[in-house]
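Here the structure comes first, spelled out in structure tokens, and everything after it is commentary.
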Amino acid sequence: MPWTAKDDAVLRKMRGTMEYQKIADHLGRSLRAVMKRAQVLGLTKEHPIRRDWTESEEKQLRKLYGKISPAEIAQRLNRSVGAVEQQILMH
């Protein structure tokens, strides 16, 4: 389904106030689609320093995913919500 100006406005308004997954649910789109559109619209921040995920962090992510929110996982792992959501998409 193509993105509309209204969808873009909703994404711009909600970004930074709630998790990508909640935005995706609100718009009836996939998490991946919302994250990609945010990138296209220039709503994402560039992170000059990225830390690789350790085996332990990945194991914790797999254990916690679906049980608690990405925000709670991010807090436990000392990662950003965006980093957690991106890692979820990668696996």
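Can you name every residue in segment 29-46 that is touching a residue at least 24 places away in the same chain (Cβ under 8 Å) and of a type outside the set (Lys, Arg)?
Listed by number, the residues that qualify are LEU31, MET35, ALA38, LEU41, LEU43, THR44.
Just a yes or no: is a residue in segment 50-59 within 13 Å of the chain's Cα centre (by Cα) and closer than 14 Å to VAL84 by Cβ?
Within segment 50-59 (the criterion being within 13 Å of the chain's Cα centre (by Cα) and closer than 14 Å to VAL84 by Cβ), the answer is no, since none of the residues qualifies.
State yes or no: is LEU77 under 30 Å from PRO2 (Cα atoms), at pLDDT below 95 and touching a helix residue (DSSP H, G or I) at 6+ places or on another chain (Cβ under 8 Å)?
No; evaluated as a whole, the condition is false for this residue.
Okay, residues lined up against (1) in a helix (DSSP H, G or I); (2) surrounded by 10 or more Cβ atoms within 10 Å (Cβ to Cβ); (3) among the basic types (Lys, Arg):
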| position | (1), (2), (3) |
| --- | --- |
| PRO2 | no, no, no |
| ASP8 | yes, yes, no |
| LEU11 | yes, yes, no |
| ASP25 | yes, yes, no |
| ARG32 | yes, yes, yes |
| LYS36 | yes, yes, yes |
| GLY42 | no, no, no |
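For segment 67-74, does any single residue satisfy the condition of being free of Cβ contacts under 8 Å to residues at least 60 places away in the same chain, of a type in the set (D, E, K, R) and either outside any loop (DSSP other than H, G, I, E, B) or more than 23 Å from MET1 (Cα to Cα) (or both)?
Scanning segment 67-74 turns up at least one residue that is free of Cβ contacts under 8 Å to residues at least 60 places away in the same chain, of a type in the set (D, E, K, R) and either outside any loop (DSSP other than H, G, I, E, B) or more than 23 Å from MET1 (Cα to Cα) (or both).
Could you list, in sequence order, all residues of segment 13-23 that are in contact (Cβ under 8 Å) with a residue 40 or more places away in the chain and part of a helix (DSSP H, G or I)?
TYR20, GLN21 - these are the residues of segment 13-23 that are in contact (Cβ under 8 Å) with a residue 40 or more places away in the chain and part of a helix (DSSP H, G or I).
The values are calculated or read from the model by the stated rules, or taken from the named source; none is laboratory data. None of these values were measured; they are calculated from a predicted model. All Cβ positions, even for glycine, are placed from backbone atoms using ideal geometry, and neighbour counts span all protein chains on display.
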